[in-house]
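Asks: First, the structure itself, so that you have it in front of you.
The values are calculated or read from the model by the stated rules, or taken from the named source; none is laboratory data. Source: prediction; values computed, not measured. FYI the Cβ positions are ideal-geometry reconstructions off the backbone, even for glycines, and counts take in every protein chain you see.
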Amino acid sequence: MTLHSGETLRARACHIATLLSVHGARHWKWLTFLIWIAIAVTMVVTRWSAIHWLVLGDTDDNIRYVQVKDWLAGQAGTTCANIGSTRRAGRISTGRGWSMCPWPA
């Protein structure tokens, strides 16, 4: 049994591929945007339960979430201004514990 529809399907696929290629070359920005939207929607849909329950897979993500939550609540977090004097075991330490602060140690 010989199927001749394979040649017809191949010709139709080549014609559609040619049309998409010409259209894609002309409107590549829109095509890139639509592909980006499709990937973003797919990622949100497949991970919706984790997003809904705020299940973050990485500990860095959890820490970043807490930092953003504190920032939105008005707490500035740890800055160079309040690192210089920290309370350790009832004593106040004035040592510079962070090398990224703008003042010399």
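Asks: Being at negative phi, of a type outside the set (K, R) and modelled with pLDDT of 85 or more: is that true of L3 here?
Replies: No; evaluated as a whole, the condition is false for this residue.
Asks: A further question on this structure: Only one of V41, V55, V22 is out of contact with any Pro (no Cβ under 8 Å at 6 or more places or on another chain) and at pLDDT 90 or above; which? Full working, then the answer.
Replies: On the way: V55 fails: at pLDDT 90 or above; V22 fails: at pLDDT 90 or above.
Only one candidate qualifies: V41.
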